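Below is one structure; the comments refer to it alone.
The values are calculated or read from the model by the stated rules, or taken from the named source; none is laboratory data. Fair warning: this is a prediction, and the values are worked out from it, not measured in the lab. Ideal geometry is used to build each Cβ from the backbone, glycine not excepted, and the neighbour counts take in all protein chains shown. Surface areas here come from the heavy atoms of the whole protein model, side chains and all, with no ligands, DNA or RNA. Shrake-Rupley method; radii C 1.70, N 1.55, O 1.52, S 1.80 Å.
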Amino acid sequence: MSTVRKTITLTGQQSEWVKSRIAEGGFTNDSEYIRDLIRRDQERLRHTEALQTAITEGLNSGTASALDMDAIKRKARQEAARYDTNTPDL
């Protein structure tokens, strides 16, 4: 992977924050900390995009139908019975 040198300007408070994070032992230098922040931001963006895609798919999936709670409960009981150790094998 190629690297590109960047120059950034921080406030005194931001610089002290970076130094404190390095001093805590999680990072060895400023660049490592900044790269970690960028990776986290990229991951957050991927997660946000995935959520937005899921929301859009849900909105475009049509109108929900009425739930049959009795059928749902019956199926849940059947599934639970499969894992009940007190019930003899069928």
Fill in the blank from the handout: Checked the range 1-40 for anything of a type in the set (D, E, K, R) and assigned to a loop (DSSP other than H, G, I, E, B); matches are 5, 6, 24
Exercise for the section: Name the residue, out of 56, 63, 3, that is polar (S, T, N, Q) and at pLDDT 95 or above. Expected result: 56
Fill in the blank from the handout: Checked pairs for the range 18-36, first touching a residue at least 12 places away in the same chain (Cβ under 8 Å), second among the charged types (D, E, K, R) and surrounded by 12 or more Cβ atoms within 10 Å (Cβ to Cβ), C-beta under 6 Å and 6 or more apart or across chains, list as 18/30; 33/21
Practice task
Restrict the check to the range 29-45 and report whether at least one residue is open to solvent by less than 70 Å² (accessible area, probe 1.4 Å), modelled with pLDDT of 95 or more and acidic (Asp, Glu).
Solution key: yes
